[in-house]
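Beneath this line is the structure, given in structure tokens, with notes to follow.
The values are calculated or read from the model by the stated rules, or taken from the named source; none is laboratory data. What you see is a predicted model; the values in this text were computed from it and never measured. Every residue, glycine as well, gets a Cβ built from its backbone with ideal geometry; the counts of neighbours run over all protein chains shown. Side chains included, ligands, DNA and RNA excluded: accessible areas come from the protein's heavy atoms. Shrake-Rupley method; radii C 1.70, N 1.55, O 1.52, S 1.80 Å.
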Amino acid sequence: MAAPVLRWCCPARRWILANIDRGPRHGRGAPTGSRSSGKRGQSSVAQQPLVTAQKPRKGEHQWAAVVGLEIHAQISSNSKLFSGSQVHFAAPPNSLVSFFDASLPGTLPVLNRRCVEAAVMTGLALNCHINKKSLFDRKHYFYADLPAGYQITQQRLPIAVKGSLAYSVCVGKTRSQVINKTVRIKQIQLEQDSGKSLHDDLRSQTLIDLNRAGVGLLEVVLEPDMSCGEEAATAVRELQLILQALGTSQANMAEGQLRVDANISVHHPGEPLGVRTEVKNLNSARFLAKAIDYEIQRQIEELENGGEILNETRSFDYKLGCTVPMRDKEGKQDYRFIPEPNLPPLLLYDSASLPAGADPQQVINIDQLREQLPELPSVTREKLVQQYGMLPEHSFTLLNEVGLLEFFQHVMKETRAEPKKVTSWVLNTFLGFLKQQNLAVSESPVTPSALAELLNLLDQRAISSAAAKKVFEELWRSGGKTPAQIVSEKRLELMQDQEALEQLCRATMEKHPQVVMDLKKGNPRAINKLIGLVRKATLSRADPTVIKEMLEKQLSS
């Protein structure tokens, strides 16, 4: 299978992408670099043996990068996975902890139906096979914020397996070329989150907050089908949009609701895969891409210089822009996986296997959940392209920015302007102002109704494009006024007196005979200068198209 390959260019010390045939991929084990280390927070997926890093051959500068991901998404639920404790971000420490969360003796888990439904819906949306029977296991490890000494997860038989995630990467100088890609999904499993350790260096102590302990997580394991940071970040963003569309997770990375571990290795094409490193707890798509690209380059440089890659866990220092070692993964700990004795097998049904007379509140029907699936982001993008005639890359931008699609649709409902013009204003002017001020769409001082009114004035030729931009700037500064009020106060409306405009055109030509002479000699730029002079005289209140028509008419007469 053809795959992107990194060519290491020694003179400039950089790597570029090329396409060559890849050797064998990782087997059915965990993604690249995700070998269990026996440390806290590692994947519960069965792993494959390490592959020894290959020493580079002299004069050989071709490298293939392999990237796999493990993604933990917090399930949108009012209560935790196995207890009735509420789930609320930024609650006072240890205020949302039940007896079960604190692992007091005699407490038993009660499975949250909402979390199971969320896992099934996510699996269906990601083209997974839903196991009608799945099992829970105990994964043992010691850490202060895991009071039970084990995590309840699904190591042997997860709820969903063998899916796929389709995503698209925009390439080219203008990002106008869209390449469709697919990454395989190994499995989706339900598991508990751990608590949170708060390290106080001044007092040399660690405080434990168990509010997060027991919160339901979806662990989505992506096979090592990616080859660079941009691909990984784009795949994660697509998964984030799908989870948000389903309502199974808010997937807010800033609040820790979506955390990513990246598993990375490099090797010479046609040779065994290299030793993997794992970069843990990446909480933004931008940092994910930077961390992966840095780690790929670091591994290549290390091997080119005759070194070797250690099988270790690293973290990304966003201030320095590099990965740093956390711990090595040589000492493999036995997690002592055992079946969870307090939870029976999780049984799901479809319409064909549903027991007669079964209580709908006591069973989960896979087919019923399939019928409830909402429109997914890929379908929404296709509709935008077909309905409004926009470019595919514009549809990606509308969905990727939180709240931007809803803003665009509200403007479209209230304006008579063409979709192409609305798209341009929303993606260029409006989004540009947001990014300059580092604001979210929900924080914008300009409402969809105000932008729609402004575009209506522009469509009616009541104002010029230049005046419209001035009105928008004023709207951004003073939120209380309407576009019509600003146009009136600033006297930005277009001149409607055609005779007065013709006189201005004639007077401008008389004042600048040399420019008129240049125009008659065949200089096409001369007319633009005349148009600019007339617009200056009208304080930009005249339509450039109308001015040009009048000037050409007077020149030909």
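Here is how the number arises for the chain: DSSP H runs of 4 or more residues each give -39500 (n - 2.57), the sum is divided by the residue count, and the result at 222 nm is -10000 deg cm²/dmol. For the chain, the longest principal axis of the alpha carbon atoms and the long axis of helix 113-125 meet at an angle near 60°. Of the trypsin sites (Lys or Arg not before Pro) found in segment 487-532, those that fall in a DSSP loop while having at most 10 other beta-carbon atoms within 10 Å are ARG491, LYS521, ARG525.
Put a dot 7 Å past the Cα of GLU393, heading toward its Cβ, do the same for SER424, and the two dots end up 1.7 nm apart. Hey, quick one: spin label on ASN400, modelled 7 Å out along Cα-Cβ, who in segment 212-230 has an amide N within reach, i.e. under 19 Å? Within reach of a label on ASN400: 226-230. Farthest towards the positive end of the charge dipole of the chain, among the residues SER79, LEU455, PRO158, is the Cα of LEU455, using unit charges on the Cβ of Lys, Arg, Asp and Glu.
If you sort THR182, THR482, THR313 by accessible surface, 1.4 Å probe, largest first, the order is THR182, THR482, THR313.
Longer than 32 Å from Cα to Cα, which of LYS173/LYS421; LYS290/LYS435; LYS173/LYS481; LYS421/LYS490 are they? Say none if no pair is. Violating the 32 Å limit, Cα to Cα: LYS173/LYS481.
Taking all Cα pairs closer than 8 Å and separated by 6 or more residues, the relative contact order of segment 336-439 comes to 16 percent.
Can you give the extra length, in nm with one decimal, that the chain gains between VAL379 and ARG491 once fully stretched, where that is 0.36 nm per residue apart less the Cα-Cα distance?
Working: separation 112, 0.36 × 112 = 40.32 nm, distance 4.48 nm.
My answer for the length gained is 35.8 nm.
Between the Cα long axis of helix 465-477 and the first principal axis of the chain there is an angle of about 50°, rounded to the nearest 10. By a straight-distance test (C-alpha under 27 Å), which lysines pair with LYS133 as possible cross-link partners, with residues fewer than eight away in the same chain excluded? Those lysines meeting the cut-off are LYS80, LYS162, LYS186. Using Cα atoms only, what is the angle between the long axis of helix 498-511 and the major principal axis of the chain, expressed in degrees (0 to 90) to the nearest 10? On a 0 to 90 degree scale, this one is about 80.
Karplus-based coupling profile of segment 226-233, in residue order and whole Hz: 10, 9, 7, x, 5, 4, 5, 5, with θ = phi - 60° in 6.51 cos²θ - 1.76 cosθ + 1.60 and x standing for Gly or Pro. Applying a DSSP loop filter and a limit of 11 other Cβ atoms within 10 Å to the trypsin sites (Lys or Arg not before Pro) in segment 299-400 leaves LYS319, ARG336. Taking the Cα centre of the chain as origin and assigning +1 to Lys and Arg Cβ atoms and -1 to Asp and Glu Cβ atoms, the resulting dipole is close to 1200 debye. When ARG203, ARG286 are compared by accessible area of protein heavy atoms, the largest-first order is ARG203, ARG286, using a 1.4 Å probe.
Looking at segment 126-225, the chymotrypsin sites (Phe, Trp or Tyr not before Pro) that sit in a DSSP loop and have at most 10 other Cβ atoms within 10 Å of their own Cβ are PHE142.
The dipole here belongs to segment 373-437: it is taken about the Cα centre, uses +1 on the Cβ of Lys and Arg and -1 on the Cβ of Asp and Glu, and is about 180 debye.
Annotation: amide H-H contacts under 5 Å for ASP350 (H modelled 1.01 Å from N, sequence separation of 5 or more, or interchain): ILE366.
Within the accessible surface of segment 333-434, defined with a 1.4 Å probe on protein heavy atoms only, the carbon and sulfur portion equals 52 percent.
Using the Karplus relation 6.51 cos²θ - 1.76 cosθ + 1.60 with θ = phi - 60°, the per-residue 3J(HN,Hα) values for segment 197-210 come to 9, 10, 8, 10, 5, 5, 9, 6, 9, 10, 9, 10, 10, 9 Hz, with x marking Gly and Pro. For the set HIS394, HIS129, the ranking by accessible area, highest first and with no ligand, DNA or RNA atoms included, is HIS129, HIS394 under a 1.4 Å probe.
The residues of segment 457-536 expose, per residue, 62 Å² of accessible area to a 1.4 Å probe.
Calculated on C-alpha atoms, the gyration radius of the chain divided by its Kirkwood radius gives an Rg/Rh of 1.09.
For segment 345-355, 3J(HN,Hα) computed residue by residue from phi via the Karplus equation (6.51, -1.76, 1.60; θ = phi - 60°) reads x, 8, 9, 10, 9, 10, 4, 6, 9, 5, x Hz, glycine and proline entered as x. Expressed as a whole percent, the accessible surface of segment 156-258 that belongs to carbon and sulfur atoms is 49, based on a 1.4 Å probe. Accessible area per residue for segment 141-274, computed on protein heavy atoms with a 1.4 Å probe, is 37 Å². Over all Cα pairs of segment 131-271, how is the pair count split among 10 Å bins, expressed in % and running from 0 up to the last occupied bin? The percentages, shortest bin first, are 9, 30, 33, 19, 8, 1.
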